[in-house]
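The values are calculated or read from the model by the stated rules, or taken from the named source; none is laboratory data. Note that this is a predicted model, so its numbers are computed, not measured. Neighbour counts are summed over all protein chains in view; Cβ atoms, including those assigned to glycine, are modelled from backbone coordinates with ideal geometry. SASA here: full protein model, heavy atoms, side chains in, ligands and nucleic acids out. Shrake-Rupley method; radii C 1.70, N 1.55, O 1.52, S 1.80 Å.
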Amino acid sequence: MKVLNFPLTQITIALLLGIASTQFFNFTAVSIFGLALIILVLLLIIHLFYREHNYYKICFSSLLYSTAFILGIAATIVQDDTLKKDHYLNFNKVFNTPQPIVLALQDKLKTTQYAQRYEASIVEIGGKRASGKVIVNFSPTANLDSLATGTILKMDQKLLPYKPAKNPDQFDYSNYLKKQHIYAQVYSKGGVVLLSKNKKTTIHYYIARLRARIITNLKLSGFNQEQLNIAIALIMGQKQELSQETLQEYQYAGAIHILSVSGLHVGLLLAFINFILKPFPNTRKIRFLKLCITIALLVFFALLAGLRPSVVRSVTMFSFIAVGIYIRRKNGIYQTLLLSMFVILLFQARFLFDVGFQLSYLAVFFILWLQPIFAKFWNPKNKMLHYFWDVLTVTFAAQLGTIPLSIYYFHQFPGLFFITNLLVIPLLTVVMIIGITVFTTAAFTTVSVLLIKPLEWLILCLNKIISTIASVEHFILKNIALNLLLMSLCYLIIITIGLYLEKQTYKKALIALSSILLLQVAVLHNKWKIASHKEYIVLNTNRKSMMTARSGNQITAYGTDSILNKNSQILNSYAVANFSKITKSQGIPNTVFFKGKKILVIDSTAVYPSNSKPDVIVLIQSPQINLDRVLESLKPQIIIADASNYKSYQQQWTTSCIKMKIPFHATAEKGFYSIE
């Protein structure tokens, strides 16, 4: 793989490592920029005075990669909004007491059963200038038709910080929002004041107006509402109005990615633009003109799709790819792909931790690398067969590049993705072409029924295909366990086999077989590690009690049937992450012996054996007990209170434990507790 030998590849990898290192170490701005200055001075000295030295190349390369590494750290620090003095995280009182908060609405988010949600930017706090993004929650029944992007509101409320996940291996929503520079939310409880009829006119305001105008004109044109919601998702990436059933069908069919405007849509658009411009001569001036037209159309599509981060990222990536096609040099596309990654991360370092970013670049890289190799296996002369063979090889290459990462994040795999892509991608291409035409027209006026009806019919066909494939649930593989090490080894196997197929030699065959053997060893070691591990966990479930005991890969869940079923996602996440399964469910026993420790559970009955000498006491369902007396007589090593207890009780118990110098763990505050 010659791409690894490119200097740009090595510099980009150094940048990636620098950004990744910020997740494990705390760097100060002064130390990083001081170190960067020292490295730049050394680079200059070596280049000016030691150019003819034998070790010049090694020293210069090492310092260059160090510079890229430091640049990755510096980019992450510079883009950290919380370092600004006026960021709301630096307003301590705003999290404790209600204060006048002025904010500007930016984007409408998907409505939940509990609230209508908007993303907003803080303008003022307590009369002082402030900045930062938050989520604003309005009542689910409130009439918000007058609210739009740019609306400036004032409310007297306190900000509520997002708390990390409080159960093992649970999706951490706070961490997900943190990557989008959102650290808090605010609830509207009446008293909201519309400060001005004038809106905060940023580019997002004008895009929102354009989007609203398009949707209004499409409704006036008689576009069926259900198909319109799908069209808005396909063209604009707006999924707020889609039902949960529709989203689940697309997910099970392996087509959820088509509802989020990203690399696939932009890639199809680029392919269509190239197809349209292909008949024009390939002179130098005409080729440059075609490049300008291509990039202009891609930028127009980004505006049409609302300049969402995934769209901007994909348009940037494919704009660089278009430049690579224009250059027409060997390996030019690889280099422009790497350059696009370098530029994007330089300005948005946190994109590195975005799943969409990772999947997009992996898919494109593996398509560029493996698709030509697969295409050589068969060269059908029939044009229709050749087209479907190309779609199949592109799909297979993209899936190979993204399967391990997708399973690692989502723990499921749609077995019929081949059929889905063979049927959906050609149809999606036509939907995109007609859809962009319809939406562009709707930006100025109502749309003719001659354009509306074909688009409705195509979307109806698309939904029927998705629904039919999703109904075959036997091919939907769920709860697949995969950790970081096994995922990395899966990629090692894919890459070594790809290198062997690229040029078949005994050495490459040996390396590929060795990587497979290494994966088998890792799987066996993982099984041994799991089999030898035991733990008892008191989970954090709101107003309810639930516990688990794991021995090897066997998990016993404790709680009532209704509680266990309601919180099945918590149990499934824990089981999958630990390569285990729930083998038994039962009520919570009052006494448990686990790994030599005696665990006493005191529930609402407040009944417990007075002669018991437990190591751990778990308080559930707000028992009315005198904890001072319990601690004096039973002398436990620690007290654990789950989220089913009243807060007032927990405050009293905290005081008692401090007085008796016994550790107290409240799951509502600190999260789950594990006894190992």
### Task
Kindly indicate whether any position in the stretch 193-201 is surrounded by 14 or more Cβ atoms within 10 Å (Cβ to Cβ), more than 27 Å from residue 95 (Cβ to Cβ) and either of a type in the set (Gly, Ala, Ser) or at pLDDT below 85 (or both).
yes
### Near pairs, Cβ below 6 angstrom, 6+ apart or cross-chain, from the stretch 599-627 (at positive phi) to any residue that is open to solvent by 40 Å² or more (accessible area, probe 1.4 Å)
606/624; 621/604; 622/646; 622/649
### Message
Looking at the stretch 654-676, I want the residues that are farther than 18 Å from residue 622 by Cα and have a partner that is of a type in the set (Gly, Ala, Ser) and assigned to a helix (DSSP H, G or I) with Cβ atoms under 9 Å, at least 6 apart or on another chain. Which pairs are those?
### Response
662/656
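Inspect all residues belonging to the stretch 76-93 and state whether any of them is within 30 Å of residue 45 (Cβ to Cβ), among the hydrophobic types (A, V, I, L, M, F, W, C) and under 24 Å from the mean Cα position of the chain (by Cα).
The initial filter retains those residues of the stretch 76-93 that are within 30 Å of residue 45 (Cβ to Cβ), namely 76-78.
Then keep just the ones that are among the hydrophobic types (A, V, I, L, M, F, W, C); that gives 77-78.
Of the ones still in play, those that are also under 24 Å from the mean Cα position of the chain (by Cα) are 77-78.
Within the stretch 76-93 (the criterion being within 30 Å of residue 45 (Cβ to Cβ), among the hydrophobic types (A, V, I, L, M, F, W, C) and under 24 Å from the mean Cα position of the chain (by Cα)), the answer is yes, since at least one residue qualifies.
Using the structure shown, decide if residue 449 is open to solvent by 40 Å² or more (accessible area, probe 1.4 Å) and closer than 22 Å to residue 468 by Cβ. Give the derivation first.
On the way: open to solvent by 40 Å² or more (accessible area, probe 1.4 Å): yes; closer than 22 Å to residue 468 by Cβ: no.
Here the answer is no, as residue 449 does not meet what is asked.
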### Query
Which one of 493, 555 is part of a strand (DSSP E or B) and aliphatic (A, V, I, L, M)?
555
### Condition broken by residue 574, with the remaining ones in (1) surrounded by fewer than 21 Cβ atoms within 10 Å (Cβ to Cβ); (2) touching a residue at least 40 places away in the same chain (Cβ under 8 Å) satisfied
(1)
## Note on the structure
Condition set touching a residue at least 40 places away in the same chain (Cβ under 8 Å) and touching a Ser or Thr at 6+ places or on another chain (Cβ under 9 Å), scope the stretch 403-419, selection farthest from residue 388 (Cα to Cα): answer is 411
### residue 648 being open to solvent by 50 Å² or more (accessible area, probe 1.4 Å) and part of a helix (DSSP H, G or I)
yes
### Query
Taking residue 230 and the conditions (1) at pLDDT below 85; (2) crowded, with 20+ Cβ neighbours inside 10 Å; (3) more than 22 Å from residue 411 (Cβ to Cβ); (4) not hydroxyl-bearing (Ser, Thr, Tyr), which numbered condition does it fall short on, given that it satisfies the others?
(1)
### Summary
Going through the stretch 353-384 in order, the residues found to be outside any helix (DSSP H, G or I) and open to solvent by 40 Å² or more (accessible area, probe 1.4 Å) are 354, 376, 377, 378, 379, 381, 382
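Pull up the stretch 302-321, narrow it to residues that are part of a helix (DSSP H, G or I), under 20 Å from the mean Cα position of the chain (by Cα) and among the hydrophobic types (A, V, I, L, M, F, W, C), then point me to the one that is surrounded by the fewest Cβ atoms within 10 Å (Cβ to Cβ).
By that ranking, first place goes to 312.
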## Note on the structure
By residue number, the members of the stretch 509-542 that are under 23 Å from residue 591 (Cα atoms) and open to solvent by 80 Å² or more (accessible area, probe 1.4 Å) are 534, 542
### Query
All but one of (1) within 17 Å of residue 643 (Cα to Cα); (2) open to solvent by less than 20 Å² (accessible area, probe 1.4 Å) hold for residue 562; which doesn't?
(2)
### Counted residues, the stretch 465-490 - those being open to solvent by 30 Å² or more (accessible area, probe 1.4 Å), assigned to a helix (DSSP H, G or I) and either touching a helix residue (DSSP H, G or I) at 6+ places or on another chain (Cβ under 9 Å) or β-branched (Val, Ile, Thr) (or both)
9
### Whichever residue in the stretch 599-618 is farther than 20 Å from residue 672 by Cβ and out of contact with any Leu (no Cβ under 7 Å at 6 or more places or on another chain) and, among such residues, is least open to solvent (accessible area, probe 1.4 Å)
606
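Could you identify the single residue in 68, 36, 74 that is in contact with a helix residue (DSSP H, G or I) (Cβ under 6 Å, 6 or more places away or on another chain), without any contact (Cβ under 8 Å) to a residue 40 or more places away in the chain, in a helix (DSSP H, G or I) and among the hydrophobic types (A, V, I, L, M, F, W, C)?
Details: 68 fails: without any contact (Cβ under 8 Å) to a residue 40 or more places away in the chain; 74 fails: without any contact (Cβ under 8 Å) to a residue 40 or more places away in the chain.
Selected residue: 36, the only one of 68, 36, 74 that is in contact with a helix residue (DSSP H, G or I) (Cβ under 6 Å, 6 or more places away or on another chain), without any contact (Cβ under 8 Å) to a residue 40 or more places away in the chain, in a helix (DSSP H, G or I) and among the hydrophobic types (A, V, I, L, M, F, W, C).
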### Task
May I ask you to list pairs of residues, at least six apart or on different chains, whose Cβ atoms are under 8 Å apart, with the first in the stretch 635-651 being free of Cβ contacts under 8 Å to residues at least 24 places away in the same chain and farther than 12 Å from residue 623 by Cα and the second being open to solvent by less than 100 Å² (accessible area, probe 1.4 Å) and in a strand (DSSP E or B)?
none
#### Entry: Criterion (β-branched (Val, Ile, Thr), more than 18 Å from residue 456 (Cβ to Cβ) and open to solvent by 40 Å² or more (accessible area, probe 1.4 Å)) met by exactly one of 299, 266, 261
299
### Task
Test residue 14 against the criterion of being open to solvent by less than 70 Å² (accessible area, probe 1.4 Å) and at pLDDT 80 or above, and give yes or no.
yes
### Task
Considering only the stretch 543-559, state which residues are in contact with an Asp or Glu (Cβ under 9 Å, 6 or more places away or on another chain), open to solvent by 30 Å² or more (accessible area, probe 1.4 Å) and under 18 Å from residue 169 (Cα atoms).
551
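Just to confirm my filter: which strands (runs of 3 or more DSSP E) fall fully inside the stretch 90-161 and include at least 3 residues that are at pLDDT below 85, within 20 Å of residue 208 (Cβ to Cβ) and open to solvent by less than 30 Å² (accessible area, probe 1.4 Å)?
On the way: elements: 99-108, 116-125, 133-138, 152-157.
Output list is empty.
Mind listing whichever residues of the stretch 401-427 are assigned to a helix (DSSP H, G or I) and modelled with pLDDT of 85 or more? Show your work before the answer.
We begin by selecting, within the stretch 401-427, every residue assigned to a helix (DSSP H, G or I); these are 401-410, 417-427.
Within the stretch 401-427, 401, 402, 403, 404, 405, 406, 407, 408, 409, 410, 427 qualify.
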### Query
Can you name every residue in the stretch 456-486 that is touching a residue at least 40 places away in the same chain (Cβ under 8 Å) and aromatic (Phe, Trp, Tyr)?
475
### Task
Enumerate the pairs (first residue in the stretch 149-172 and in contact (Cβ under 8 Å) with a residue 40 or more places away in the chain; second residue anywhere and open to solvent by less than 30 Å² (accessible area, probe 1.4 Å) and of a type in the set (Val, Ile, Thr)) with beta-carbon separation below 6 Å, excluding pairs fewer than 6 apart on the same chain, so at least 6 apart or on different chains.
154/102; 155/101; 157/186; 159/94; 159/186; 167/570
